[in-house]
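> One structure coming up, written as structure tokens, with questions to follow.
The values are calculated or read from the model by the stated rules, or taken from the named source; none is laboratory data. Here the structure is a predicted model, which is why all the values come from computation and not from measurement. Positions of Cβ are generated from backbone atoms using ideal geometry, with glycine treated the same way; all protein chains shown enter the neighbour counts.
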Amino acid sequence: MKYGIIKDQFGNTHKMAKVILGAFPFGSVMTEEHSFQAMDYYRSQGGNVIDTARIYCEFLENGSGASEKTVGKWIKERGCRSEFYIISKGSHPAISDMLTSRLSGEEINYDVQESLKALQTDYIDLYFLHRDDEKVPVKSIMDSLHEHVAAGRLKMLGASNWRIERILEANEYALANGKTPFVASQIQWSYAYCSKEIFGDNTVMCMDDQQYQQYLKAEIPVLAFTSQAGGLFSAGYQPDLSDIAEKHKKYYCEENVKRYQELLKTCKEKGITPTQACLEYIIDNEANGFAHEA
């Protein structure tokens with residue numbers, strides 16, 4: 001298991017697994033038994049970071065809160081809270097109304113409290129705001145989050161699906177006013193070309209060349225979700241992707257055909273699999289990248 005460093009707001013270093021276990025299907029799409037087996041295996045391999053969220057599988061019957069509850073139950077039964085960095089995320093818009101944000105102090109507080117309850121813990125190691133709304137001033141957001149850090153409920157803060165420009169703006173305010181800054185970002189990032197259009201979601205932030213250069217300059221760690229692009233390059237397709245399956249067709253474009261062919265050459269030269277190559281692209285990147293496929 002490879003590890004990377006994330007520094008908190010005090011400059012303390014946290015050694016975290018570069019491969020993060022995404023808990024999106026736990027307790028819903030994946031049974032509790034199988035979810036426990038996945039977490040047991042991850043732990044046996046030296047993994048120490050589990051990523052969940054309040055919104056995960058909200059759209060499924062009995063899916064609301066299932067991921068956090070399953071992670072919390074496993075942590076409690078195994079007695080391993082101190083071994084793990086638990087990541088959770090809140091303030092996601094309602095699935096039925098993605099364009100109406102939930103970033104008020106009351107909404108942030110509600111989601112934090114619900115996550116703590118579901119996870120059966122009194123603190124969350126790294127807490128992300130799941131979406132942004134640039135009409136909301138960073139002052140009100142960072143002030144609300146800081147209250148939870150000051151109370152010990154949240155240890156570190158992150159921004160998920162935010163433009164890096166907004167993250168830097170928020171951090172500038174926080175540092176100038178004695179508040180807690182964001183120490184990490186979580187966006188979509190993989191070897192495959194991805195975009196808002198591919199995901200059909202204008203609230204998703206995908207890595208591009210401009211954002212990448214700013215992450216390098218700012219030295220902000222990036223937790224990459226959908227880091228394998230749903231297994232696009234690991235499915236054994238023909239080099240021209242002419243036999244691409246329905247589930248991957250949204251990724252089909254000239255750029256991804258080109259990237260796939262380059263990837264196959266790299267795999268042949270290095271004697272590794274496409275899955276390994278895509279993983280290395282994130283975790284061995286010049287940017288401080290962490291990978292998970294939630």
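> Can you give me the number of residues within the range 27-69 that are of a type in the set (Asp, Glu), in contact with a Ser or Thr (Cβ under 9 Å, 6 or more places away or on another chain) and under 22 Å from residue 291 (Cα atoms)? Before you say what the answer is, go through the steps one by one.
To start, the set of residues in the range 27-69 that are of a type in the set (Asp, Glu) comprises 32-33, 40, 51, 58, 61, 68.
If we keep only those that are in contact with a Ser or Thr (Cβ under 9 Å, 6 or more places away or on another chain) as well, we get 32, 51, 58, 61, 68.
Pick out the ones that are also under 22 Å from residue 291 (Cα atoms) and you get 51, 68.
Count: 2.
> Go through the residues of the range 21-42 one by one and say whether even a single one is loosely packed, with under 15 Cβ neighbours inside 10 Å, over 21 Å from residue 182 (Cα atoms) and small (Gly, Ala, Ser). Full working, then the answer.
Just the residues of the range 21-42 that are loosely packed, with under 15 Cβ neighbours inside 10 Å, to begin with: 31, 33-34, 37, 40-41.
The next check asks that each one be over 21 Å from residue 182 (Cα atoms); those that pass are 31, 33-34, 37, 40-41.
Within this subset, residues satisfying the condition of being small (Gly, Ala, Ser) are none.
No, that holds for no residue.
> While we're on this one: Give the residues of the range 68-106 that are crowded, with 16+ Cβ neighbours inside 10 Å and either of a type in the set (S, T, N, Q) or farther than 21 Å from residue 16 by Cβ (or both), sorted by residue number.
69, 70, 73, 88, 91, 92, 93, 101, 102, 103, listed by residue number.
> Against the condition surrounded by 13 or more Cβ atoms within 10 Å (Cβ to Cβ), over 21 Å from residue 3 (Cβ atoms), aromatic (Phe, Trp, Tyr) and touching a residue at least 24 places away in the same chain (Cβ under 8 Å), how does residue 110 come out, does it pass?
Judged against the criteria, residue 110 is not a match.
> Which condition does residue 197 not pass, out of (1) buried (at least 19 other Cβ atoms within 10 Å of the Cβ); (2) of a type in the set (Asp, Glu); (3) at pLDDT below 95, if it passes all the others?
Looking at each condition in turn, residue 197 falls short on (1).
> I need every pair where a residue in the range 194-216 that is assigned to a helix (DSSP H, G or I) has its Cβ under 6 Å from the Cβ of a residue that is small (Gly, Ala, Ser) and at pLDDT 95 or above, sequence separation at least 6 or different chains.
Here the result reads 215/287; 216/287, each pair linking the range 194-216 to a residue that is small (Gly, Ala, Ser) and at pLDDT 95 or above.
> Let me ask something else. Condition test on residue 227, is it in contact (Cβ under 8 Å) with a residue 40 or more places away in the chain and not in a helix (DSSP H, G or I)?
Here the answer is yes, as residue 227 does meet what is asked.
> Which numbered condition in (1) surrounded by 12 or more Cβ atoms within 10 Å (Cβ to Cβ); (2) assigned to a helix (DSSP H, G or I) is the only one that residue 247 fails?
Going through the list (1) surrounded by 12 or more Cβ atoms within 10 Å (Cβ to Cβ); (2) assigned to a helix (DSSP H, G or I), residue 247 breaks only (1).
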